[in-house]
Protein chains: 2
Amino acid sequence: MTIDIPSVLDGNRLALSRVLSQIENDTPAGQQALAELFTHTGNAHLIGVTGAPGTGKSSLVNQIAAHYRHSPEDGSPKKVAIVAVDPSSPFSGGAVLGDRIRMKDLTGDPGVFIRSMASRGSLGGLAKTTAGLVQAFDAAGFEIILIETVGAGQAEVEIARLAHTTLVIEAPGLGDDIQAIKAGILEIADILVVNKADRPGIDQTERALKNMLQLAHPGRRVFQHYGKPIKQNNYEDEPVWLPPIQRTIATEGKGVPELIGLIANHKAHLTNTGDLARRERARLTAELDLRIEEALVARWQDSLSDGKYSQILAQVIAREISPQQAVQKLLGLEEE
Amino acid sequence: MTIDIPSVLDGNRLALSRVLSQIENDTPAGQQALAELFTHTGNAHLIGVTGAPGTGKSSLVNQIAAHYRHSPEDGSPKKVAIVAVDPSSPFSGGAVLGDRIRMKDLTGDPGVFIRSMASRGSLGGLAKTTAGLVQAFDAAGFEIILIETVGAGQAEVEIARLAHTTLVIEAPGLGDDIQAIKAGILEIADILVVNKADRPGIDQTERALKNMLQLAHPGRRVFQHYGKPIKQNNYEDEPVWLPPIQRTIATEGKGVPELIGLIANHKAHLTNTGDLARRERARLTAELDLRIEEALVARWQDSLSDGKYSQILAQVIAREISPQQAVQKLLGLEEE
């Protein structure tokens, strides 16, 4: 199967759809397409959205998308892609994301493209596939790419690394505010959203989040600087971003314009401080290094005579030689 | 610094202490020692013990150690090593493990060796260092090695992979039973311990754990088979191990003999089914593959001309070439 790259770059939905499937299935055609699309990427703003089930995360994602379509700040509607990923627990049975009935507002709009991805393979594989899909959307001219993930586990943290701006969604009455934060979620949040703000317990949830934020940023007056970069003191050269907390009621669209404003502030912060360029550099370096490693291992495996690896591994398992000696033998650095 | 390997193998405490420090600091002498000690390993039973702060985990570890010293099943006291690891959160300020005052019962006993390790470096680094310490204890003739970690994060899961038998400790009234399990702890538990069994809420905690276990093993009658391998049905060749729940009161030693019995059952299960050999094989294969990868990358880096990597990385960042093309250039597979 060959992929029509010019049509993908033109934003043709059918061609895009095909290339997304090839990437998701990690076919040779998909890999080839990614290589060709790469030089056309780097223009989209990647927004990660993560939160436990029940926080109303998907409704919020829809509202954010609708806002960029119908009420953009600069008056010019943005093309929006949504990648919904469910790295569900191995024993949960895999609740499938993408109950896209609720997406009525968005369907039929040619400026919106939604792609759901069920959990498959390893964590690393999932993060890699997500990165591939995002790259294709970026090359196809989508200016806003929303990456929606469930929960607050290691998978979400991995996927969040890809995003420029990460929203963490909480809601009152789930009883796990503190726990979610324990799991390392504060480290990835650029903006905290308390959705379902009309529910009882909202003050309590927000207070718990504030306390945790305060612990994470000791000595900093976090709440006086809602989502505006501040100079913390005279010793720091760069303004510091402290995660603001935004209340929303996604079902009514309340708080969404304010949230969009915070996202814009965060993007400006990333650009002005050079953080965007630094993150981009770090991400591409990591990708390049991983590919080099894979290529080196593949080349070495090709050069290995049949059965040599198993034979030497057996010696290690029998404790006849150490792993260190095994490496010497397998790389041909030592006579056997 | 040279290390006196024969003295380490003889169980000399001073020599052992020195080699542990070299391994912890990842010095060339430490690496050399690990290579030499390797062929003397494979005899210890590695027991992982993990649980949130406040579960009384350390007291329980002490009681387990004391039991193997003073009341072993076969009448012959075992040499016991304790490796206490605290992979504390990057922003918690790093509570230091090893409040070893409570270890009065054990100090002065030449058959016990305790080593605390504070968090340092990356997660992978921590798991690797722990594996190194365990290897040294194993070679030095310690028959029981207890690996104690705090909490239920990714770090604990990584470290638990090293253990043959993993105990997960809970306690009533911490309010996070369900959450801890959410974080993937059930996947690593071979035995669940509810400590502080004299506290209010014990029934509730145990019920929550049972429910989660039932979800994790659908259709299996988990609780009829406390810690004894069962044949689940006629389609399975091997007996299945379902994690039992054991109540303990560590401060009084209650439930500890029963817990030791369950650990022995689990070890017998691992041996009889061949699981022990399979795990060992998988672990050594992973270690060998990682070392080969590192060696291949190091060799490639040595062969690279100065500045070539940065120059090609810059082209990727500028989106002039794709990462795929960069690999071709960096591995010399394509003319520039």
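The values are calculated or read from the model by the stated rules, or taken from the named source; none is laboratory data. None of the values given here were measured: they were computed from a predicted structure. Every residue, glycine as well, gets a Cβ built from its backbone with ideal geometry; the counts of neighbours run over all protein chains shown.
Would you call B:ALA250 more than 9 Å from chain A (Cβ to nearest Cβ) and surrounded by 14 or more Cβ atoms within 10 Å (Cβ to Cβ)?
Numbers: more than 9 Å from chain A (Cβ to nearest Cβ): yes; surrounded by 14 or more Cβ atoms within 10 Å (Cβ to Cβ): yes.
So B:ALA250 passes the test.
Considering each residue of region B:189-196 in turn, none proves to be outside any loop (DSSP other than H, G, I, E, B), modelled with pLDDT under 85 and either more than 14 Å from every other protein chain (Cβ to nearest Cβ) or surrounded by fewer than 19 Cβ atoms within 10 Å (Cβ to Cβ) (or both). Which of the residues spanning region B:307-336 are in a helix (DSSP H, G or I) and in contact (Cβ under 8 Å) with a residue 12 or more places away in the chain? B:LYS308, B:TYR309, B:ILE312, B:LEU313, B:ALA326, B:LYS329, B:LEU330, listed by residue number.
Just the residues that are among the small types (Gly, Ala, Ser) and either more than 7 Å from every other protein chain (Cβ to nearest Cβ) or farther than 23 Å from A:THR39 by Cα (or both), please, taken from region B:291-323. Outline the logic, then answer.
Narrowing region B:291-323 to residues among the small types (Gly, Ala, Ser): B:295, B:298, B:303, B:305, B:307, B:310, B:314, B:318, B:322.
Result: B:ALA295, B:ALA298, B:SER303, B:SER305, B:GLY307, B:SER310, B:ALA314, B:ALA318.
Within region A:53-85, being surrounded by fewer than 23 Cβ atoms within 10 Å (Cβ to Cβ), within 19 Å of the chain's Cα centre (by Cα), modelled with pLDDT under 95 and not polar (S, T, N, Q) holds for A:PRO53, A:GLY56. Taking region B:324-336 as the range and being surrounded by 14 or more Cβ atoms within 10 Å (Cβ to Cβ) and either within 10 Å of chain A (Cβ to nearest Cβ) or at pLDDT below 90 (or both) as the test, the residues that pass are B:GLN324, B:GLN325, B:ALA326, B:VAL327, B:GLN328, B:LEU330, B:LEU331. Report every pair of residues separated by at least 6 positions or lying on different chains whose Cβ atoms are under 7 Å apart, first residue within region B:262-278 and closer than 21 Å to A:ALA318 by Cα, second among the β-branched types (Val, Ile, Thr). Cβ pairs passing all conditions: B:LYS267/B:THR165.
Is it true that A:LEU288 is within 9 Å of chain B (Cβ to nearest Cβ), within 25 Å of B:GLU294 (Cα to Cα) and surrounded by fewer than 12 Cβ atoms within 10 Å (Cβ to Cβ)? So A:LEU288 does not fit the description; no. Of all residues in region A:3-50 being under 17 Å from the mean Cα position of the chain (by Cα) and within 14 Å of another protein chain (Cβ to nearest Cβ), which is surrounded by the fewest Cβ atoms within 10 Å (Cβ to Cβ)? Among those that are under 17 Å from the mean Cα position of the chain (by Cα) and within 14 Å of another protein chain (Cβ to nearest Cβ), it is A:ASN43.
For the structure I just gave you, tell me whether A:ILE64 is in a helix (DSSP H, G or I), within 14 Å of chain B (Cβ to nearest Cβ) and within 21 Å of A:ILE114 (Cβ to Cβ). It would help to see each step written out before you state the result.
Working: in a helix (DSSP H, G or I): yes; within 14 Å of chain B (Cβ to nearest Cβ): no; within 21 Å of A:ILE114 (Cβ to Cβ): yes.
Spelling it out, it is not the case that A:ILE64 is in a helix (DSSP H, G or I), within 14 Å of chain B (Cβ to nearest Cβ) and within 21 Å of A:ILE114 (Cβ to Cβ).
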